[in-house]
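Remarks on the structure that follows.
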Amino acid sequence: MLSSLNDVKRALKDFSKALECNPHMDKTYFSRGQVQYYSLKNIGKAILDFSAAIELNASVAEYFIERGRARLSKKQFRDAREDFSDAIYIDSTSAIAFTLRGDAKSGMRGYHSAIKDFTRSIEIDSTNAWTFFLRGNAWKSLEKYDRSLVDYSKAIDLETDFLTAKRERGISFVALGNLQYAFQDLEFVLLHHPKDSRVLFFLGKAHYDNSQWELAQSYFDMTIEIKPTGRAHYLRGMCKIELNLSGEACIDFKKASELEYFDTHIHNDASVVTDGWSGYSPLKKQFPKLEQRLSDKGRNFTMLHIQIRNFKNWLRGVHSYCNREYLHRYIDEYFYRFNRLNFRDSIFEKLLNRMTCHEPVTYEQITCSAT
């Protein structure tokens, strides 16, 4: 790989000049694409160069593999899978093509099919630690922790300094309740990566499962300081319950419910705009593009405040009064209606369908579930 930025610029210039003289050299497009991808991390331009090489010569498996690899890094899993499939069609003995296709399938949550690809890759080449690691991840996603342990251990045997495999093996040990080995793996990784929030969280989880509440809380404290998540706040709250700190626990539970929505529905790289509430400030660590704006009496969030006014008017006009204890039930009803405004033509049919397919819900059930 090129050693300096000047070397990279010189190589790009040479490749571009060569292509100006002869635009039909597939290998030159491919080489320029590699420089764009590996040296400059310019994935979009790399994909364009790999595509140009393929258009000129579609019989080289490596061209498809490299374009698929670039697409995989952009999480374009379907396109990447197709590229790796084309590479396998050209060269059915390419272990790396099977490994990468399995990785793309895992990205699409097709874990069973991914495992088949990883297994085929291992049959061709059993010396690639990364393939065992990826198959271990797929088994873990299927909650087959015993099988994941076998693959992670094999990956570590092949590369003794494979700390990521050791970390994930420790997490599988936690899931299986084998805390002694979990502590060994996770604490070893922590020595090398003391700011790894994933290691800190699962060390906290292991101590929590071992009823060591204070130790668990300390690890969740460190996790939240680096990367606040709903799960970390929830388990820290549970530790505080065990330590008779119920007031502090309630704060963690509230924060967990807020973060759970962010963790589930919002990507870390998403642009998020919120009002100026101080509770959103800690989220900036996890969501660097989160921007806070003052409400300015509703002028900066016009549509949001229209919905708040509409809800208040609906509550006063339809129900006249609601008990604070059941407020969330009224909010659920309002947004159930609001989310179905565009289905008025089929509302009667859907109402009949729900009436015939579901058990009736009594007043007592509603009030009991709200408390």
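Determine if the range 289-298 includes at least one residue that is hydrophobic (A, V, I, L, M, F, W, C) and under 26 Å from residue 197 (Cβ atoms). Yes, some residue in the range 289-298 is hydrophobic (A, V, I, L, M, F, W, C) and under 26 Å from residue 197 (Cβ atoms).
Hey, among 29, 37, which residue is free of Cβ contacts under 8 Å to residues at least 40 places away in the same chain, more than 23 Å from residue 130 (Cβ to Cβ) and not hydrophobic (A, V, I, L, M, F, W, C)?
On the way: 37 fails: more than 23 Å from residue 130 (Cβ to Cβ).
So the residue among 29, 37 that is free of Cβ contacts under 8 Å to residues at least 40 places away in the same chain, more than 23 Å from residue 130 (Cβ to Cβ) and not hydrophobic (A, V, I, L, M, F, W, C) is 29.
Return a yes/no flag: does the range 45-63 have any residue that is over 13 Å from residue 105 (Cα atoms), in contact with a His (Cβ under 7 Å, 6 or more places away or on another chain) and modelled with pLDDT of 95 or more. Looking for residues that are over 13 Å from residue 105 (Cα atoms), in contact with a His (Cβ under 7 Å, 6 or more places away or on another chain) and modelled with pLDDT of 95 or more, one finds at least one in the range 45-63, hence yes.
Considered as a group, the residues in the range 201-215 that are small (Gly, Ala, Ser) and under 24 Å from the mean Cα position of the chain (by Cα) include one that is surrounded by the fewest Cβ atoms within 10 Å (Cβ to Cβ), and that residue is 206. A single entry from 259, 283 fulfils the requirement of being within 16 Å of the chain's Cα centre (by Cα), in contact (Cβ under 8 Å) with a residue 12 or more places away in the chain and assigned to a helix (DSSP H, G or I): 259.
Just one of the listed residues (143, 187) is of a type in the set (Asp, Glu), farther than 23 Å from residue 95 by Cα and either at pLDDT 95 or above or in contact with a helix residue (DSSP H, G or I) (Cβ under 7 Å, 6 or more places away or on another chain) (or both), and it is 187.
Pairs are defined by a Cβ separation below 9 Å, a sequence spacing of at least 6 or placement on different chains, a first member in the range 343-357 that is modelled with pLDDT of 75 or more, and a second member that is assigned to a helix (DSSP H, G or I) and of a type outside the set (Ser, Thr, Tyr); the pairs so defined are 350/343.
Filtering the range 221-232 to residues that are of a type outside the set (A, V, I, L, M), free of Cβ contacts under 8 Å to residues at least 40 places away in the same chain and out of contact with any Leu (no Cβ under 6 Å at 6 or more places or on another chain) leaves 221, 225, 231.
The values are calculated or read from the model by the stated rules, or taken from the named source; none is laboratory data. Note that the structure is predicted; figures quoted are calculated from it, not measured. In this analysis, Cβ positions are derived from the backbone assuming ideal geometry, glycine residues included, and neighbour counts consider all displayed protein chains.
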